[in-house]
Amino acid sequence: ADLLVGCKSNGVSLGWVTTTLDRNINAIRKALHQQFDFNLFDIITTIDDCDVAKPEPEIYHKAISMLNVTATGAVAIEDSSSGVAAAKAATIQCIAAPGDLKGSQDFSAANICVSDLSCVKAIGEQAGAVTLSIN
């Protein structure tokens, strides 16, 4: 949540780019509504926004179009190998942040893999590119 708030305060457009079902998104929103402001996201995608799910890059192509950004100016944060594959196939830089559930998957295609997103800080967005700092 801190990373997303930092991104927003630095003018970075945010998308929750997922190919899960809308009912799953609603369940997550309901479960976390007191801990997290989902209005931080400029867009939230679901499987209804694409013909094929991740690892195909279609949803990322759609998201960068919806956000009016370029693939080279975007950064994806993914928690699954299929998400990393989708981001990389869309030529988007990718930070892998595997959780307990998918931590044993292969994240070698990611640009960087972190165990905790607290080490990632948003610096801002310039000339259509996101700038992040990773400590």
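The values are calculated or read from the model by the stated rules, or taken from the named source; none is laboratory data. Bear in mind that the values here come from a model prediction, so they are computed numbers and not experimental data. Glycine also receives a Cβ, built like all others from the backbone with ideal geometry; neighbour counts cover every protein chain displayed. Side chains included, ligands, DNA and RNA excluded: accessible areas come from the protein's heavy atoms. Shrake-Rupley method; radii C 1.70, N 1.55, O 1.52, S 1.80 Å.
Only a single criterion out of (1) touching a Pro at 6+ places or on another chain (Cβ under 8 Å); (2) open to solvent by less than 20 Å² (accessible area, probe 1.4 Å) is not satisfied by C94, namely (1).
Take the conditions (1) modelled with pLDDT of 95 or more; (2) open to solvent by 30 Å² or more (accessible area, probe 1.4 Å); V17 misses just one of them, which is (2). Scanning the range 27-41 for residues that are open to solvent by 70 Å² or more (accessible area, probe 1.4 Å), closer than 23 Å to A76 by Cβ and not in a loop (DSSP other than H, G, I, E, B) turns up R29, L32, N39. Counting only residues that are surrounded by fewer than 17 Cβ atoms within 10 Å (Cβ to Cβ) and among the polar types (S, T, N, Q), which one in the range 62-91 is farthest from S13 (Cα to Cα)? For the range 62-91, the residue satisfying everything is S82. Being in contact with an Asp or Glu (Cβ under 7 Å, 6 or more places away or on another chain) and not in a loop (DSSP other than H, G, I, E, B) is the filter here, so list the residues in the range 90-117 that pass it. If the condition is that a residue be in contact with an Asp or Glu (Cβ under 7 Å, 6 or more places away or on another chain) and not in a loop (DSSP other than H, G, I, E, B), then C94, A96 are the ones that fit. Take the conditions (1) closer than 21 Å to T131 by Cβ; (2) hydrophobic (A, V, I, L, M, F, W, C); (3) assigned to a helix (DSSP H, G or I); I59 misses just one of them, which is (1). Given the condition acidic (D, E), open to solvent by 40 Å² or more (accessible area, probe 1.4 Å) and in contact with a Cys (Cβ under 6 Å, 6 or more places away or on another chain), answer yes or no: does some residue in the range 42-58 qualify? Yes, because at least one residue in the range 42-58 is acidic (D, E), open to solvent by 40 Å² or more (accessible area, probe 1.4 Å) and in contact with a Cys (Cβ under 6 Å, 6 or more places away or on another chain).
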